[in-house]
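Just passing along the structure, written as structure tokens.
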Amino acid sequence: MIIKKKRIRDLEHYTRLVPRGETIIFGIYAAATTNNLLKKIGFSQNPTLGDAVLPASIFGPISAYNANGKTFVHKDEPMETAYRQAEWHWKQWRGRYDYDEQSKIVDIPYQRYPRTFIPPPSIELVIAQRADGEKVIVTHAITHTPKNKERMLHVVNLFLEIFGECQLFTENLGDFLKAPLRRLNWTVLPPGRRPWMQLKLEVNQIIGNLTKGNLAVIHHRLESVNKYGPEFLAVGRAGFWGYVIFGFPDKDIYILESIYFGNATYVFADNWETLSTKTKAEILDAKLQKERIIHKEGWDRNIHALLKQKRT
């Protein structure tokens, strides 16, 4: 069955003939799309069987939610004090006409309604193939149950937002050829330690569209971690856009930093090979983290305490 709409609110009309407990694969034939669109999603120029990617968040609200999650604002509750970080500048006078320009990152309080963060579904798109050789772009199979109703609806709307159509495959699912997944969510920069000015130029290609004030805060965080000499860096692609991983394998420390305000610095002990195969939902799951350092006053001290340990 093929669905061609901008968005649907209920999936029941399309799944009413699918028995409960049966497996559904949602997808689209690759021939129905273009290489330019696949590249925009996050696939390589010539995607191959098994390639998987978290779609970029640029297509609309569904893809943005799928990659980044969303925030529910409780406007029926009293406002609370929250903090945002900014760069504060001042002049340190040494005489009547002599001064130095000084700056530091400070927490600025403001009032807002309480918020609840809803984690991203992190649905990935995978290049698969039918037994007849036809390539398809699909998600992982989902069992048709009431519990999965909301997830299935999200998957369909994700396809509709990106491709304009979605097909439900329920028959001959064994015809889908399986291949090892090769996730394309990260680009590892060439090995070697980088001075901050070099890294700054590379990172600005990723985060250069931020406002000047936000950019200063992000630069401060990235520079603070980089000065401890990570052995490698990886930058997020597609739906992982805005994330940077600093690797310290000799310390068993891998630091995930985000350009998004309100987030935190995530610290992992898993090796890079394992971490790079995780979905975004798994990476942001508290069970996988070794530590979570909130972006607020004291962040620098916590990073220093974490990374000052001697190399083994």
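How many residues, within region 1-41, are within 18 Å of CYS166 (Cβ to Cβ) and either in contact with a strand residue (DSSP E or B) (Cβ under 6 Å, 6 or more places away or on another chain) or not in a loop (DSSP other than H, G, I, E, B) (or both)?
The number of residues fulfilling the criteria is 21.
Still on this model: Of these, ALA82, ALA86, which one is in a strand (DSSP E or B), touching a Lys or Arg at 6+ places or on another chain (Cβ under 7 Å) and not basic (Lys, Arg)? Explain how you work it out, then say what you get.
Values: ALA86 fails: touching a Lys or Arg at 6+ places or on another chain (Cβ under 7 Å).
Result: ALA82 is the single residue among ALA82, ALA86 that is in a strand (DSSP E or B), touching a Lys or Arg at 6+ places or on another chain (Cβ under 7 Å) and not basic (Lys, Arg).
Kindly indicate whether TYR97 is in a strand (DSSP E or B), of a type outside the set (A, V, I, L, M, F, W, C) and not assigned by TED's automatic domain parsing to the domain that holds SER224.
Spelling it out, it is not the case that TYR97 is in a strand (DSSP E or B), of a type outside the set (A, V, I, L, M, F, W, C) and not assigned by TED's automatic domain parsing to the domain that holds SER224.
Could you tell me which residue of region 214-253 is surrounded by the fewest Cβ atoms within 10 Å (Cβ to Cβ), considering only residues that are within 16 Å of the chain's Cα centre (by Cα) and free of Cβ contacts under 8 Å to residues at least 40 places away in the same chain?
The extreme case among them is GLY242.
Mind counting the residues in region 1-37 that are surrounded by 13 or more Cβ atoms within 10 Å (Cβ to Cβ), over 17 Å from ILE142 (Cα atoms) and out of contact with any helix residue (DSSP H, G or I) (no Cβ under 9 Å at 6 or more places or on another chain)?
Of the residues in region 1-37, 2 are surrounded by 13 or more Cβ atoms within 10 Å (Cβ to Cβ), over 17 Å from ILE142 (Cα atoms) and out of contact with any helix residue (DSSP H, G or I) (no Cβ under 9 Å at 6 or more places or on another chain).
Taking the condition of being among the hydrophobic types (A, V, I, L, M, F, W, C) and under 18 Å from LEU54 (Cα atoms), how many residues in region 273-297 meet it?
Here the count works out to 4.
Follow-up. Which one of these is more than 23 Å from LYS278 (Cα to Cα), over 23 Å from the mean Cα position of the chain (by Cα) and not in a strand (DSSP E or B): GLN198, GLN92?
Going through GLN198, GLN92 in turn, just one is more than 23 Å from LYS278 (Cα to Cα), over 23 Å from the mean Cα position of the chain (by Cα) and not in a strand (DSSP E or B): GLN198.
Ok, one more. Does ASP51 count as assigned by TED's automatic domain parsing to the domain that holds PHE163 and within 20 Å of GLY236 (Cβ to Cβ)? Spell out the reasoning first.
Details: assigned by TED's automatic domain parsing to the domain that holds PHE163: yes; within 20 Å of GLY236 (Cβ to Cβ): yes.
The answer is yes for ASP51.
The values are calculated or read from the model by the stated rules, or taken from the named source; none is laboratory data. None of the values given here were measured: they were computed from a predicted structure. All Cβ positions, even for glycine, are placed from backbone atoms using ideal geometry, and neighbour counts span all protein chains on display.
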